[in-house]
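The numbers here are math on the coordinates, done by the rules we state, and not lab data. None of the values given here were measured: they were computed from a predicted structure. When we count neighbours, we look across all protein chains shown, and the Cβ atoms used for this are built from the backbone with ideal geometry, even at glycine.
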Amino acid sequence: MTAAMLAACARPPQPIAGEFPSVQVADVQRGDHTGERVRWGGVIVETRPEQDRTCFELVSLPLDGRARPRLVDDTYGRFEACAPGFYDPAIYQERREVTVVGAVQDVVTGKVGDYDYRFPRVAAETVYLWPEHPDPSFVYYGAYPYWNPWPYWSVGWGVGWNADWNGDRGPMVHHQSR
């Protein structure tokens, strides 16, 4: 029973669920993967609204079992994802975690600082904005936070256990029909 509950928690949310090839940013930089559907995630470096779409520059990170970017000191590189419509940069801020589903469109040349960089571009169907991680200095019991002097010992217990009780409404999802 407990194993089944844990397995259910490890599935990606419906908008980003599915089977995807193991193609990563570096693979697209080295070879032609145009049209291949990918699920990549990472943290936002920049959000640029344009006339009829919004483009995101992202640092690609490994995904966990739920397809959420793992905040580790390891990157697959950078990529750009463009989705139809307006995504507010005040919400889709720098360092927020997103998972993107879409087709590889092309590779565009840009800069990271003074460094010339080749960004794979994804035509995003879904941009899944993950909820921010709670401050581990506070633990919620019911609706009441209290200061936690041992934040990393109990964050999974207090905050995670009561996530539904502390007003967490879940992620924002923009999904374009195919």
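If you plug each phi of region 22-38 into the Karplus form 6.51 cos²θ - 1.76 cosθ + 1.60 with θ = phi - 60°, what whole-Hz ³J(HN,Hα) values come out, in order, with x for Gly and Pro?
Values, residue by residue: 7, 5, 10, 3, 4, 4, 6, 5, 8, x, 7, 10, 3, x, 6, 7, 10 Hz.
Tabulate in residue order the Karplus-calculated ³J(HN,Hα) for region 43-50, using 6.51 cos²θ - 1.76 cosθ + 1.60 with θ = phi - 60°, rounded to whole Hz; enter x for Gly and Pro.
Running phi through 6.51 cos²θ - 1.76 cosθ + 1.60 with θ = phi - 60° gives 10, 6, 9, 7, 10, 10, x, 10 Hz.
Is the shape of region 23-125 rounded, prolate or oblate, going by the alpha carbon gyration tensor and its root eigenvalues a ≥ b ≥ c, with a/c under 1.5 for rounded and a/b larger than b/c for prolate?
Cα axes put region 23-125 in the rounded bin.
Give the residues of region 49-86 whose amide nitrogen is closer than 16 Å to a point set 7 Å from the Cα of GLN29 in the direction of its Cβ.
57-62, 74-81
Residue by residue, what Karplus-based ³J(HN,Hα) values in Hz, rounded to whole numbers, does region 72-82 have, using 6.51, -1.76 and 1.60 with θ = phi - 60° and x for Gly and Pro?
Once rounded to whole Hz, the list reads 10, 8, 8, 10, 8, x, 10, 8, 10, 10, 10.
Scan around LEU61 for amide H atoms under 5 Å from its own, H built in the peptide plane at 1.01 Å from N, and keep only partners 5 or more places away or cross-chain.
For LEU61, whose amide H was placed from the backbone, the distant partners under 5 Å are GLY41, GLY42, VAL43, TYR76.
VAL28: net charge of surrounding residues, Cβ under 12 Å, Lys/Arg +1, Asp/Glu -1, itself excluded?
Here the charged neighbours net out to -1.
In debye, nearest 20: dipole of region 2-130 around its Cα centre with unit charges on the Cβ of K, R (+) and D, E (-)?
Around 340 debye, computed over region 2-130.
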